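Student: I'd like to ask you about the structure that follows.
The values are calculated or read from the model by the stated rules, or taken from the named source; none is laboratory data. Treat the numbers as computed from the prediction; the structure is a model and nothing was measured. A quick note on method: Cβ atoms are made from the backbone with ideal geometry, for glycine too, and the neighbour counts reach across all protein chains shown. Keep in mind that these areas ignore ligands, DNA and RNA; they rest on the heavy atoms of the full protein, side chains included. Shrake-Rupley method; radii C 1.70, N 1.55, O 1.52, S 1.80 Å.
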Amino acid sequence: FTFVIKGLEGWIVGKIAEERKLSKRILAVTIGGHVMIIGYALAVWLLYDWPAVLPEIGGNYGQASVGAVIAIPLAHQIEKVVGK
């Protein structure tokens, strides 16, 4: 499940953030994070049933939020070093 979910999330984020604008990057990680959250919710539902989904969603929101807080400034700094 992770291979498909994270692959789709990364592809979507990459497509949206191609323009390298801050607003596009924020939109990209927001949409990508929700793709991850929905993907893992569906995976947990298939494996364990609905009662296990709610705790999974909370943890995945945390993961997406921390990832966004790290990824957006890091992408900016890498771009400054490597160049556009």
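Student: Given the conditions (1) surrounded by 16 or more Cβ atoms within 10 Å (Cβ to Cβ); (2) without any contact (Cβ under 8 Å) to a residue 40 or more places away in the chain, which single one is not true for A71?
Tutor: It fails just one condition, (2).
Student: Has the range 3-14 got at least one residue that is hydrophobic (A, V, I, L, M, F, W, C), part of a loop (DSSP other than H, G, I, E, B) and modelled with pLDDT of 95 or more?
Tutor: No: the range 3-14 contains no residue that is hydrophobic (A, V, I, L, M, F, W, C), part of a loop (DSSP other than H, G, I, E, B) and modelled with pLDDT of 95 or more.
Student: Further, regarding this structure: Go through the range 12-53 and give me each residue that's under 14 Å from the mean Cα position of the chain (by Cα), open to solvent by 40 Å² or more (accessible area, probe 1.4 Å) and farther than 27 Å from H76 by Cα.
Tutor: I38
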